[in-house]
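The values are calculated or read from the model by the stated rules, or taken from the named source; none is laboratory data. Nothing here was measured: the structure is a model prediction, and the numbers come from that model. With ideal geometry, Cβ positions are generated from the backbone for all residues, glycine too; neighbour counts draw on all protein chains shown. Ligands, DNA and RNA are stripped out before the accessible areas are found, and what is left, the full protein with its side chains, is counted by its heavy atoms. Shrake-Rupley method; radii C 1.70, N 1.55, O 1.52, S 1.80 Å.
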Amino acid sequence: MTRFHVCSLSELPSGEAKRVESDPAVAVFNVEGEIFALADQCTHGDASMADGYVEDDCTVECPLHAARFCLRTGKALSQPAYIDLATFPVAVEDGEIYVTVETAA
Ligand code: FES
């Protein structure tokens, strides 16, 4: 397990996402002050979920073929994706965001 510093909370406004270059890469999202971390690579293809479209209902839409995933659970909500995204623990401490990742190596 490795803990990564993502950024300051002030650097990740609501509706935005940031990619963490861990292995696997992680996409961290802010939805109205709630922070979520999911696998960055779409389970359908080679797309970065950090480049996706964050919706108010706490979902993200893949930028490539528009599959939607729940940011809370990683669940694949629409085709063409049917495999869920992995989720990762996040913490906000003193205004800084951290994510814990079980790294591949
Ligand atoms: S790559 Fe994400 S839906 Fe196809």
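Could you tell me whether any residue of the range 33-46 is away from the ligand (no atom under 16 Å from the Cβ) and either farther than 18 Å from THR87 by Cα or not hydrophobic (A, V, I, L, M, F, W, C) (or both)? There is at least one residue in the range 33-46 that is away from the ligand (no atom under 16 Å from the Cβ) and either farther than 18 Å from THR87 by Cα or not hydrophobic (A, V, I, L, M, F, W, C) (or both).
Those residues that are over 22 Å from ASP23 (Cβ atoms), touching a residue at least 60 places away in the same chain (Cβ under 8 Å) and open to solvent by 50 Å² or more (accessible area, probe 1.4 Å), I need them from the range 60-105; list them, please. Answer for the range 60-105, where residues must be over 22 Å from ASP23 (Cβ atoms), touching a residue at least 60 places away in the same chain (Cβ under 8 Å) and open to solvent by 50 Å² or more (accessible area, probe 1.4 Å): just VAL92. Of the residues making up the range 17-59, just one is hydroxyl-bearing (Ser, Thr, Tyr) and closer than 13 Å to ARG72 by Cβ, namely THR59.
Scanning the range 1-44 for residues that are open to solvent by 30 Å² or more (accessible area, probe 1.4 Å) and of a type in the set (Val, Ile, Thr) returns THR2, THR43. Screening ARG68, ARG19 for residues that are over 12 Å from the mean Cα position of the chain (by Cα) and basic (Lys, Arg) leaves exactly one candidate, ARG68. Can you name the residue in the range 82-105 that is in contact with a strand residue (DSSP E or B) (Cβ under 7 Å, 6 or more places away or on another chain), among the small types (Gly, Ala, Ser) and in a loop (DSSP other than H, G, I, E, B) and is also nearest to MET49 (Cα to Cα) among such residues? It comes out as ALA86.
Could you grab me the full set of residues in the range 47-75 that are among the basic types (Lys, Arg) and within 12 Å of the ligand (Cβ to nearest atom)? Within the range 47-75, ARG68 is the sole residue that qualifies.
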